[in-house]
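Report on the following structure.
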Amino acid sequence: MSERALRIAILMGGRSAEREVSLHTGEQVSRALASIGHEVVHVDTADIGFIETLRTGRFDLAFICLHGRFGEDGTIQGLLELLELPYVGSGVLASALAMDKVVSKQIFVAAGIPTPAWAVVRRGHPYSVEEMVGRLGGKLVVKPVSEGSSVGMSIVHEPAELAPAIERAFEHDRTVLIEEFVAGAEVTVGVLGNSELTALPTLEVVPEHEFYDYESKYVPGMSRHIIPARVPDVAREECQRIALEAHRALTCRGMSRADTIVTADGTVYLLEVNTIPGMTKTSLLPDAARAAGIEFPELCGTLVSFARER
Ligand SMILES: Nc1ncnc2c1ncn2[C@@H]1O[C@H](COP(=O)(O)OP(=O)(O)O)[C@@H](O)[C@H]1O
Ligand SMILES: [Mg+2]
């Protein structure tokens, strides 16, 4: 290792719906960083006392292994800014923008990036099922605006299913996103870098279920990764171009992962950008990095170096 050993706070756990995933990520990132000589300290953010731990812990850097709210959404990033503690990944603005699936889509559109047509419903506000089905089609995807890991998400096959799906999403958020269902290959693209960005190889996700739901994401064997994605070369390049473009448009730093769908005619639609993608050894971005010759410990070390560069 070229760098001196650093004392790194691994922020993990927390209070979001993705707590379990986060603990798992934190565990693996810790092991990787320890294996390349860093000193790691687990900091669970579920108890607000962690702020004092960070303030007095003489850390060089924080590695945020949190997903969803109070982790990926800019709140922790804001705290780390106040504490003047460097951290891995995107800053306050990009984190908050990417976490809101509707605001992100507006930015994608402004940047000329194709994204599935959509509607927004706010809790307590009326909406028309006919209008939505008329505009977006009969097969729809309903998601809470600020969750990840497919939490609270449904696929709607007929109009009668729409209202119950919206209610389910309201259990997680006061704003719900309704998208046209786009059929195609699911292709995700990791992006690494600070001023100079690299798009990792395209990774096609083949879930056992109808879509890439919670179980497909976290239960081994419930999804397959195919690298590079089985789509035409031009579509692969387009996925990578879009991932880089979206990373810049949202002002991301260090890393991100863009989830796209490539239709049969090769059109690429961007679903979302994750600023703290899953970081277990078998997660999507680490898998794509490995295909590019970057093993997991090196990946974690590189992300730490990016954070130090700033
Ligand atoms: N508009 C859509 N058309 C088809 N499938 C979708 C659409 N939106 C989401 N999905 C499916 O749901 C999964 C999760 O959606 P995504 O927008 O990436 O949210 P998150 O990963 O944050 O839960 C996707 O990986 C894909 O399988
Ligand atoms: Mg996703």
- request: Starting from residues that are out of contact with any Leu (no Cβ under 6 Å at 6 or more places or on another chain) and assigned to a loop (DSSP other than H, G, I, E, B), keep the ones in the stretch 84-102 and report whichever is nearest to residue 305 (Cα to Cα).
  value: 89
task: Would you tally the residues in the stretch 148-162 being surrounded by fewer than 20 Cβ atoms within 10 Å (Cβ to Cβ) and more than 16 Å from ligand 2 (Cβ to nearest atom)?
output: 5
task: Filter the stretch 125-147 down to residues that are in contact (Cβ under 8 Å) with a residue 24 or more places away in the chain, assigned to a loop (DSSP other than H, G, I, E, B) and either surrounded by fewer than 19 Cβ atoms within 10 Å (Cβ to Cβ) or in contact with an Asp or Glu (Cβ under 6 Å, 6 or more places away or on another chain) (or both), then give me how many there are.
output: 5
- request: Kindly indicate whether residue 133 is within 14 Å of ligand 1 (Cβ to nearest atom) and either of a type in the set (A, V, I, L, M, F, W, C) or in the same structural domain as residue 286 (by TED's automatic domain parsing) (or both).
  value: no
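To keep it simple, each residue is scored yes or no on (1) over 16 Å from residue 296 (Cα atoms); (2) surrounded by fewer than 19 Cβ atoms within 10 Å (Cβ to Cβ); (3) of a type outside the set (Phe, Trp, Tyr).
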| residue | (1), (2), (3) |
| --- | --- |
| 5 | yes, yes, yes |
| 8 | yes, no, yes |
| 14 | yes, no, yes |
| 19 | yes, no, yes |
| 24 | no, yes, yes |
| 33 | no, no, yes |
| 47 | yes, yes, yes |
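Yes/no per residue for (1) of a type in the set (S, T, N, Q); (2) over 16 Å from the mean Cα position of the chain (by Cα); (3) closer than 19 Å to residue 176 by Cβ:
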residue: 87; (1), (2), (3): no, yes, no
residue: 93; (1), (2), (3): no, no, no
residue: 118; (1), (2), (3): no, yes, yes
residue: 143; (1), (2), (3): no, no, yes
message: Suppose the filter is within 15 Å of residue 191 (Cα to Cα), at pLDDT 95 or above, surrounded by 15 or more Cβ atoms within 10 Å (Cβ to Cβ) and within 16 Å of ligand 1 (Cβ to nearest atom); does residue 303 pass it?
response: no
- prompt: Of the numbered conditions (1) hydrophobic (A, V, I, L, M, F, W, C); (2) more than 16 Å from ligand 1 (Cβ to nearest atom); (3) touching a strand residue (DSSP E or B) at 6+ places or on another chain (Cβ under 7 Å); (4) under 18 Å from residue 185 (Cβ atoms), residue 289 satisfies every one except a single condition; which is it?
  reply: (4)
- request: State the number of residues belonging to the stretch 264-293 that are in a loop (DSSP other than H, G, I, E, B) and in contact (Cβ under 8 Å) with a residue 24 or more places away in the chain.
  value: 13
statement: With the first residue restricted to the stretch 152-178 and required to be on the phi > 0 side of the Ramachandran plot, and the second required to be of a type outside the set (A, V, I, L, M, F, W, C), Cβ contacts under 9 Å at 6 or more apart or on different chains are 152/143; 152/144; 152/168; 152/171; 152/172; 152/173
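The values are calculated or read from the model by the stated rules, or taken from the named source; none is laboratory data. Computed from a predicted model, the values in this text were never measured in an experiment. Every residue, glycine as well, gets a Cβ built from its backbone with ideal geometry; the counts of neighbours run over all protein chains shown.
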